[in-house]
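Quick note: the coordinates plus some simple rules give every number you see, no bench work behind them. A quick note: this is a predicted structure, and the numbers were derived from the prediction, not measured. Cβ sites come from the backbone with ideal geometry, for glycine too, and all protein chains shown count toward neighbours.
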């Protein structure tokens, strides 16, 4: 089985069982793939799928109260390391642009600011 | 007899079907139905077939095994044709499109990336970044939590900040990985994940892809995690590829 959820440094995931890894591709198997009009889709009533009903939760009063409570309990006294994501992505895309210039990559290379801007304004596409 | 359809392939695919478990009853064999240059992989689908959870695994295993041996056009799970003739008719009707798809998919794999924030780290980072929110949080804390309407109002502001940060972080992950991909496509939303995106990448680019993922994980340590799956059959790119023709 070549599916694996690669272990992340912040815990969670890991090579694990095939069924455990299946969890992360269930919505692809069920909601992607080719659909052919003249073929039918069998009833999936028999399937108890953990994540199929895990749609994005619409924000609600309960959500807001929960955020307020969690923020109230946070210990913010310690020093904070700024999250390194913007810097690392800047570096990654610079490297990619260089490699593209050398013909090593075929993907679209654009200025990171343009890409971020497009993604953010287009929403989740 | 109705047929459960797993995928379409080139007729020349090695089709290692012998030891694969089918969707449905144990012992059902998988067969190939060919028409000119194309083949469909099917198994008998008795009346009233009701797939079980284990059938998801069977379907995935069939597609993965075949995808590792050559390009496939995966069907959505649960696809059933009325009989062999209907399968052959579809291969004939769509021959041009399916051949084109297989050509474009050849040598490529799908990698799926999901990301989820560690909630306390996210909230802490947002408060650290936003003096107004931080001050409000402190004021509520000093007031022993504040009234419920005050909590709701503050929580709503935090929820907005969370949403904006989720969008921003998703954009960063896509920006980092997109240069390596022929295509990318957002996958159906999954709860608690700020991103769920699939990339169609050359099979030869996987080491580069994994290296960028590793860099992202380092940058996100303690703040968010990335869960990366694959190589997968190209579930997310069997209509998107046609759209770019």
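Results, tabulated for the structure shown:
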item	result
Cα long-axis angle, helix B:148-177 against chain B (0 to 90 degrees, to the nearest 10)	50 degrees
Relative contact order computed over segment B:3-106 (Cα-Cα under 8 Å; 6+ residues apart), in percent	37 percent
Between helix B:53-68 and chain B: long-axis angle, C-alpha atoms, 0 to 90°, nearest 10	70 degrees
Sequence of B:72, B:109, B:213 once ranked by neighbouring C-beta atoms within 10 Å, starting from the fewest	B:213, B:109, B:72
Likely footprinting exposure, B:235, B:223, fewest C-beta neighbours within 10 Å first	B:223, B:235
Length-normalised contact order for chain B - Cα pairs under 8 Å, 6+ apart - percent	24 percent
Helix-only CD estimate at 222 nm, as mean residue ellipticity for chain B, using -39500 (n - 2.57) per DSSP H run (n ≥ 4)	-14500 deg cm²/dmol
Fluctuation leader among B:164, B:151, B:206 - chain B, Gaussian network, Cα springs under 10 angstrom	B:151
Crossing angle, helix B:84-93 versus chain B [Cα axis fit, 0-90 degrees, rounded to tens]	70 degrees
Nitroxide proxy distance, nm - points 7 Å out along Cα→Cβ at residue B:47 and residue B:93	2.5 nm
Segment B:1-79 and segment B:151-212: distance between their alpha carbon centers, rounded to Å	31 Å
Listed residues B:43, B:22, B:229, most fluctuating in chain B (Gaussian network, C-alpha, under 10 Å)	B:229
Most mobile listed residue (B:194, B:209, B:77) in chain B, GNM with C-alpha springs under 10 Å	B:77
